[in-house]
Amino acid sequence: MSKLIVGNWKMNCLAEDGTALARGLAEKVKQSSKPSDLALCPPAPLIPLIVEATKNSAVSVGGQDCHWEGLGAHTGDVSASLLADLGCTHTIVGHSERRSDHGETDAQVKAKAEAALEVGLVAIVCVGETEAQRDAGDAEIVIGGQIACSLPTGGTPDTVVIAYEPVWAIGTGRTPSLNEISAIHGFIRGKALESHGLGDGLQILYGGSVKPSNAAEILAIGDVGGALVGGASLTVEDFWGIIESCP
Ligand code: PGA
């Protein structure tokens with residue numbers, strides 16, 4: 001299975017630079033002989049522009065979040081059905097910035113992932129420990145709990161992707177060692193099998209300060225199914241450098 005590289009633009013890019021970035025990547029993909037599996041997750045209002053900019057290319061588009069309800073009175077939220085309607089194929093749920101900025105709970109993340117599955121989107125469910133939790137030796141307890149309680153019921157390796165993002169590695173330039181990434185991905189795989197029957201073929205992405213200079217060694221780890229990339233997804237050069245690092 002090819003590695004999945006997801007660009008999480010967060011609250012970055014305006015219409016013009018976002019469109020240029022997406023066009024630039026779509027062009028690279030078209031010119032490349034290497035098959036790549038990549039998705040761009042722009043801020044929600046940019047989705048139609050990015051879908052248009054990547055039309056007829058192998059670039060997928062995803063949301064950064066969705067609500068757990070189909071439609072309704074939820075000011076400022078975006079439904080999974082709207083994401084799908086606009087041409088998205090994926091959505092991130094439970095990113096640590098949503099969990100901390102908006103107090104999202106595991107139960108809400110699970111409901112969001114289930115809403116995504118219901119309309120045919122692949123749910124990219126984020127998990128990861130804070131630095132304090134890691135220092136206290138609690139990383140596995142925290143991640144195990146997030147796996148048990150935020151993965152959707154009824155998911156399969158085709159519809160659910162897990163992104164392991166240690167909170168202390170996001171946007172900091174710091175990453176766990178390769179051995180640590182490998183060990184925690186193995187742990188996550190075991191837990192997802194135990195709690196949800198998600199076994200062989202489940203893609204587990206690593207996220208947190210992935211850049212062109214460290215992507216090759218991280219993506220070479222067998223249990224790492226791809227990368228969720230923030231800062232380095234904001235230029236064609238850096239993001240393409242990561243895509244080209246796929247083994
Ligand atoms: P980063 O962000 O690559 O800027 O560390 C990753 C993420 O939050 O998804």
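Every number here is computed from the coordinates shown, using simple stated rules; none is lab data. Keep in mind that what you see is a predicted model, and the values were worked out from it rather than measured. Cβ sites come from the backbone with ideal geometry, for glycine too, and all protein chains shown count toward neighbours.
Assorted remarks:
- Search result, residues across region 173-190 that are surrounded by 13 or more Cβ atoms within 10 Å (Cβ to Cβ) and within 19 Å of the chain's Cα centre (by Cα): THR175, PRO176, ILE181, SER182, ILE184, HIS185, GLY186, PHE187, ILE188, ARG189
- Only one entry of LYS55, LYS112 meets the criterion of being basic (Lys, Arg), more than 28 Å from PRO176 (Cα to Cα) and loosely packed, with under 15 Cβ neighbours inside 10 Å, and that entry is LYS55.
- Highlighted here are the helices (runs of 4 or more DSSP H) found entirely within region 102-174 that include at least 3 residues which are touching a residue at least 40 places away in the same chain (Cβ under 8 Å): 106-118, 139-150.
- Looking only at region 7-39, and only at residues there that are in a helix (DSSP H, G or I) and small (Gly, Ala, Ser), the one that is nearest to ALA58 (Cα to Cα): ALA26
- Per-region count, region 148-179, residues within 16 Å of the ligand (Cβ to nearest atom), of a type outside the set (Gly, Ala, Ser) and farther than 14 Å from GLY225 by Cα: 8
- Number of positions in region 30-39 that are surrounded by fewer than 18 Cβ atoms within 10 Å (Cβ to Cβ) and under 11 Å from ILE243 (Cα atoms): 3
- Looking across region 214-241, the residues that are over 16 Å from PRO176 (Cβ atoms) and either in contact with a Leu (Cβ under 8 Å, 6 or more places away or on another chain) or among the charged types (D, E, K, R) (or both) come down to GLY225, GLY226, SER233, LEU234, THR235, VAL236, GLU237, ASP238, PHE239, TRP240.
- Output for region 183-214, where each listed residue is of a type in the set (D, E, K, R) and in a helix (DSSP H, G or I): ARG189, LYS191, GLU194
- Any hit, region 68-78, residues being in contact (Cβ under 8 Å) with a residue 40 or more places away in the chain, crowded, with 18+ Cβ neighbours inside 10 Å, within 16 Å of the ligand (Cβ to nearest atom) and within 29 Å of TRP168 (Cα to Cα): no
- Cβ-Cβ distances below 8 Å connect the following pairs, each with a first residue in region 33-59 that is farther than 17 Å from ASP17 by Cα, a second residue that is small (Gly, Ala, Ser) and surrounded by fewer than 17 Cβ atoms within 10 Å (Cβ to Cβ), and a separation of six or more residues or different chains: PRO35/SER2; PRO35/ALA58; SER36/SER2; SER36/ALA58; ASP37/SER2; ASP37/ALA58; LEU38/ALA58.
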